[in-house]
Amino acid sequence: MTFSNSILIALTALLLLSFSCSAQTPSSKKLTVADLEKLKWIEGTWRGSGDAAPFFERYRFENATTLAVDSFTDEKLTTVEDTSRFELKDGDFTNGVGGDGARWIATSVDYQSITFEPLAKAKNSFRWQREDDKTWTAILTWPPVDGKPSRQRVYKMERWPPKQ
């Protein structure tokens, strides 16, 4: 084997390695407990509306590193249908594995929003964007697929029950 062949093989291996590593996970900044404290505005019970029937969720911090999201069957809030957990571990804020194995990772957070990108078996990204003390928006975005354009679904979240 000549020196030039050795260089060519090494460069090819390096190039393949860089492509395989970059395709594995979205780039995310390492988050801290202080970053999660920026999300205190999302705590509470919310009524979601969008392109389907209204839904009801409660967002609560179980501890400094875990955000639980309880989904209720109706506006009476008596029966929890499902609970999702987002946990901070080793600087990554991710949801636990759901029934379909889809997982997301937070890629940015500030006092007004948090953005999640697909980590495993998920196709869409989503953003929780604070509007004011009584309202925030969940924006779900899917990339273009098979020649179809990207699409977006927006849900308006309002504090529940509304204050009189």
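The values are calculated or read from the model by the stated rules, or taken from the named source; none is laboratory data. Just so it is clear, the structure is predicted and the values come from calculations on it, not from any experiment. Glycine also receives a Cβ, built like all others from the backbone with ideal geometry; neighbour counts cover every protein chain displayed.
Which of the residues that make up the range 47-64 are assigned to a loop (DSSP other than H, G, I, E, B), out of contact with any strand residue (DSSP E or B) (no Cβ under 6 Å at 6 or more places or on another chain) and modelled with pLDDT of 95 or more?
A64
Whether a residue is closer than 15 Å to L31 by Cβ, in contact (Cβ under 8 Å) with a residue 24 or more places away in the chain and not in a loop (DSSP other than H, G, I, E, B) was assessed, and F93 passes this test. Taken over the range 87-146, the criterion of being small (G, A, S) and surrounded by 16 or more Cβ atoms within 10 Å (Cβ to Cβ) is satisfied by A106, S113, A122, S125, A138.
Which residues, taken from the range 26-46, are touching a Pro at 6+ places or on another chain (Cβ under 9 Å) and at pLDDT below 95? Selection gives P26 alone.
Within the range 112-164, the residues that satisfy the criterion of being under 21 Å from F72 (Cα atoms) and modelled with pLDDT under 95 are P161, P162, K163. Restricting D70, D82, D74 to those that are part of a loop (DSSP other than H, G, I, E, B) and not small (G, A, S) reduces the list to D74.
Output the residues belonging to the range 37-58 that are exposed (fewer than 15 other Cβ atoms within 10 Å of the Cβ) and among the charged types (D, E, K, R). E37, K40, E43, D51 - these are the residues of the range 37-58 that are exposed (fewer than 15 other Cβ atoms within 10 Å of the Cβ) and among the charged types (D, E, K, R).
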